[in-house]
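Undergrad: The structure under discussion is supplied below as structure tokens; questions concerning it will follow.
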Amino acid sequence: MRFKFLTLYAVAFMIFLYLPVLFLPLFSFNDSTIVAFPLKGFTLQWYENLLTETTMHQAFFNSMQVGWSTAIISTLLGICAARAVTRYNFFAKKSITAFVMLPLVLPEIIVAISLLVVILWLGFNLSLFSVMLGHILMTVPFSTAVLISSFEGFDKSLEEASMDLGEGPFMTFLRVTLPMVAPGIISSLLITFTISLDEFIVAFFLTGTEPTLPIYIWGQLRFIAKLPNVVALGSILLFSSFLLLCIAEFVRRRAQRRTGIEGSIL
Amino acid sequence: MSASSAGGLSLFFRRDGVRGFMLMSPAFIFALLLLAIPIGVIITFSFWTQSYLDIDTTLTLSNYREVWEKPIYGVLLTRSLIVAGTVTFVTVIFAYPLAYYVAFHVHQRKALWIFLITIPFWTSYLLRIFAWKLILGYNGVVNTSLMEIGLITEPLSFILYNVNAVVLTLSHAWMPFAILPIYVSLQKIDRSYLEAATDLGDGPIRRFLRVTLPLSLPGVLAAMVVVFIPTIGDYVTPKLVGGTDGLMIANMIQVQFGKANNWPLGAALAVTTMVTVTLVATAFVFFAKWLGGRAR
């Protein structure tokens, strides 16, 4: 009885979790300029409109540029940090690790305004570069967490075996460690890219004249006539995030089965 | 001489402690440059003053006096605390049963459940708020549906642009984040404790209250902290669904750094918020630990 009640609760909960977001794709195909019930009919017009929105295309390219640079740099930083955390003991390890993970729990507005003040105060201009810096700061904790779980799992004796067989530390890392943690690296790249693609608060403060996609969406929300287009764009964005995360999870899981490593994204 | 010092140097770099530190340093230095120093600058700024475009670098407490004396800031800060507190409470209450369900009643595909729970958290935050605006709005899903089935004759205006809408939207947004720590702590519980409790005559409810709940408190606490801290600094949700009565302290900070262009005052507000959040979170953790200690 209790078991059934909990199952019911879990199902209701999942519906509540997903339902609001699912209205976006639903309305994106609705043949009406007003985003509301009842649904009028099926149309692809809003998606077609996006094809001619050149400012949106520019925003898309900006987001891509910020996204992939963020993903690569924060994953590189994450690899080093995760390696340090899982293999070595060093001075003030706990505090340093906690400090690197700090942006995870800091209110984003604090991160955003402090970066903003420093960048402007030093006389630099706001640009996509400053957005990227902010995004790296925010995503390093995530890439580190993902990579720690893949570094933690694999057997240290494999590395020792390689060293015993005459490989140096660098070649051992390249030929033994790297292939083993490659799935972690891929999933870190995908996750950090997704976070950067969707991130709004920090980008809002640090962006200059070139908007990223969420900033573009924010700007469009003011125009009621543009609402269906925004809904269509939002649906595309949701779908791509969903797809990227599924790939990340798939890669990680397949690797887990191969190496016997347990663990989750967080 | 040089050979031996080079040898010494290479030995130094081969020591585990040094290696670990070197590997950690890129991420650490990055966070130091882009987080610690900027926050230091913000704190410094909060003691300066600004007239038009000139920054006066004489140290003064006048910004803090203004924050303290003008009621608007107190109102916003209190509201932010209340909203964040409510969101935290609501989130944990609703997240706990689900975490419990996945930890104890899902036997296969646990990872899939956790993945499905976390996915919404990774998708665009702005879009999730936007979705709520579509649902709760004047011409939104709720109003148009209710009118369609004839329950109401004109749109309800009280569901959007107020504090309740902010609480609802934020709770929905942070729910996945709260489930994870609770789930982890429930998952860690040694199942033999539960068997022992049953063998010693505890019914399911007593067993839950005396064994499961106390052992999962660290997770609950972690969930509360990770929800409370970010929500208090949120400004997008209040701005999009909060109306004027739902604005929070972060909106004021944003105004000071944007339209009002008074950075030192904005900095003082940011520092006040940070200090308040830290004090509340610390007090809360100590209180919970004390409570936990008494219960045992």
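Undergrad: Just name one of A:CYS80, A:PRO25, A:THR194: the one whose Cα is farthest towards the positive end of the charge dipole of chain A (beta-carbon charges, Lys/Arg +1, Asp/Glu -1).
TA: A:PRO25
Undergrad: In addition: Pop out the ³J(HN,Hα) list for region A:109-120 in order, Karplus 6.51 cos²θ - 1.76 cosθ + 1.60 with θ = phi - 60°, rounded to Hz; leave Gly and Pro as x.
TA: 5, 5, 4, 5, 6, 5, 5, 4, 4, 5, 5, 5
Undergrad: To continue, here is another question. Within 10 Å of each Cβ of B:268-279, how many other protein chain Cβ atoms are there on average?
TA: Values: counts 0, 1, 7, 1, 0, 3, 4, 0, 0, 4, 0, 0.
Mean partner shielding for this stretch: 2.
Undergrad: Work out how much length B:ALA36 to B:ALA281 would gain on full extension: take 0.36 nm times their residue separation and subtract the Cα-Cα distance, in nm to one decimal.
TA: 86.2 nm
Undergrad: Could I ask something else about it? For chain B, with a Gaussian network of springs between Cα atoms less than 10 Å apart, report the residue from B:LEU200, B:LEU98, B:LEU170 with the top mean-square fluctuation.
TA: Comparing B:LEU200, B:LEU98, B:LEU170 in a Gaussian network model of chain B, the most mobile one is B:LEU200.
Undergrad: Moving on. How crowded by other chains is A:8-20, given as the mean number of beta carbons from other chains within 10 Å of each beta carbon?
TA: Numbers: counts 1, 5, 9, 1, 1, 8, 5, 0, 3, 10, 3, 4, 16.
What the average comes to for A:8-20 is 5.
Undergrad: For region B:93-98, in order, what is each residue's ³J(HN,Hα) by Karplus, 6.51 cos²θ - 1.76 cosθ + 1.60 with θ = phi - 60°, in whole Hz (x at glycine and Pro)?
TA: For region B:93-98, the Karplus-derived couplings read 4, 7, 6, 4, x, 5 Hz, x marking Gly and Pro.
Undergrad: Read phi for every residue in region A:158-171 and hand back ³J(HN,Hα) as whole Hz from Karplus 6.51 cos²θ - 1.76 cosθ + 1.60, θ = phi - 60°, with x for Gly and Pro.
TA: Per residue, the Karplus-derived 3J(HN,Hα) values read 4, 5, 4, 4, 4, 5, 5, 7, x, 7, x, x, 5, 5 Hz.
Undergrad: OK, next. Put +1 on the Cβ of each Lys and Arg and -1 on the Cβ of each Asp and Glu in chain B; which of B:ILE55, B:ALA95, B:ALA84 then has its Cα farthest toward the positive end of the dipole?
TA: About the Cα centre, the residue reaching furthest to the positive side is B:ALA95.
Undergrad: Relative contact order for region B:11-142: what is it in percent, counting Cα pairs under 8 Å that are at least 6 residues apart? List each step's numbers first, then the result.
TA: Working: 39 pairs, mean separation 9.7, N = 132.
Relative CO of region B:11-142 lands at 7 percent.
Undergrad: Compute the signed sum of charges (Lys and Arg +1, Asp and Glu -1) over the other residues within less than 15 Å, Cβ to Cβ, of B:PHE228. Show your work: numbers first, answer last.
TA: Working: positive: B:ARG79; negative: A:GLU108, B:ASP234.
Around B:PHE228, the surrounding residues sum to -1.
Undergrad: Let me ask something else about it. For A:ALA161 and B:LEU291, what does the FRET efficiency come to when R0 = 30 Å and r is the distance between their Cβ atoms, rounded to the nearest 0.05? Could the numbers behind the result be given before it?
TA: Numbers: r = 50 Å, r/R0 = 1.68.
My answer for the efficiency is 0.05.
Undergrad: Report, in debye and to the nearest 20, how large the dipole of region B:68-295 comes out about its Cα centre when Lys and Arg carry +1 and Asp and Glu carry -1 on their Cβ.
TA: Numbers: 15 positive and 9 negative charges, 79 e Å.
Dipole about the Cα centre, nearest 20: 380 debye.
Undergrad: At 0.36 nm per residue, minus the direct Cα-Cα distance, what do A:LYS94 and A:THR52 gain on full extension? Give it in nm, one decimal, please.
TA: Numbers: separation 42, 0.36 × 42 = 15.12 nm, distance 5.17 nm.
Value of the extension gain: 9.9 nm.
Undergrad: Could you order peptides B:207-213, B:121-127 by the average number of other Cβ atoms within 10 Å of their residues, highest first? Mind dumping the intermediate values first?
TA: Working: B:207-213: 16.1, B:121-127: 22.1.
Packing proxy ranking, top to bottom: B:121-127, B:207-213.
Undergrad: Per DSSP H run of at least 4 residues, take -39500 (n - 2.57); add these up for the protein assembly as shown, divide by its residues and hand me the 222 nm value, nearest 500 deg cm²/dmol.
TA: -24500 deg cm²/dmol
Undergrad: Still on this structure, I have one more. Once you average over the residues of A:80-87, how many Cβ atoms of partner chains fall within 10 Å of each Cβ?
TA: Numbers: counts 7, 8, 3, 4, 10, 4, 1, 4.
What the average comes to for A:80-87 is 5.
Undergrad: Could you tell me the relative contact order of chain A? Use alpha-carbon pairs under 8 Å, at least six residues apart, and round to a whole percent.
TA: With pairs under 8 Å counted, the relative contact order is 30 percent.
Undergrad: Two decimals is fine: what's Rg over Rh for the protein assembly as shown, C-alpha atoms, Kirkwood radius as Rh?
TA: Details: Rg = 25.3 Å, Rh = 25.7 Å.
When Rh is taken as the Kirkwood radius, the ratio is 0.98.
Undergrad: Oh, and also: Sort A:131-142, B:157-168 by the packing proxy (mean of other Cβ within 10 Å over each peptide's residues), most packed first. Show your work: numbers first, answer last.
TA: Values: A:131-142: 25.6, B:157-168: 19.8.
Ranking the peptides A:131-142, B:157-168 by packing returns A:131-142, B:157-168.
Undergrad: Oh, and also: Considering the options B:LEU180, B:THR231, B:LEU215, tell which one lies farthest towards the positive end of the dipole of region B:166-296, charges being +1 on Lys and Arg and -1 on Asp and Glu at the Cβ, about the Cα centre.
TA: Selected residue: B:LEU215.
Undergrad: In addition: If you take the alpha carbon radius of gyration of chain B and divide it by 2.2 N^0.38 Å, what ratio comes out, to two decimals?
TA: Working: Rg = 25.1 Å, N = 296, 2.2 N^0.38 = 19.1 Å.
For chain B, the normalised Cα radius of gyration comes out at 1.31.
Undergrad: At 4 °C and 1.567 mPa s, grab the translational diffusion coefficient of chain A from Stokes-Einstein with a Kirkwood Rh over Cα pairs, rounded to a whole number in µm² per second. All intermediate terms of the calculation are to be shown ahead of the outcome.
TA: Details: Rh = 21.1 Å.
Rounded to a whole number, D works out at 61 µm²/s.
Undergrad: Also, quick follow-up: In nm, to one decimal, how far is the modelled label at B:ILE93 from the one at B:SER157, with both set 7 Å along Cα→Cβ?
TA: With each label placed 7 Å out from Cα toward Cβ, I get 3.0 nm.
Undergrad: Among the aspartates and glutamates, which fall within straight-line cross-link reach of A:LYS94, defined as a Cα-Cα distance under 16 Å, with same-chain neighbours fewer than 8 residues apart omitted?
TA: Excluding near neighbours in sequence, the set is B:ASP16.
Bear in mind these aren't lab numbers, they're just calculated from the coordinates by the rules spelled out. All of these numbers come straight from a predicted model, not from anything done at the bench. With ideal geometry, Cβ positions are generated from the backbone for all residues, glycine too; neighbour counts draw on all protein chains shown.
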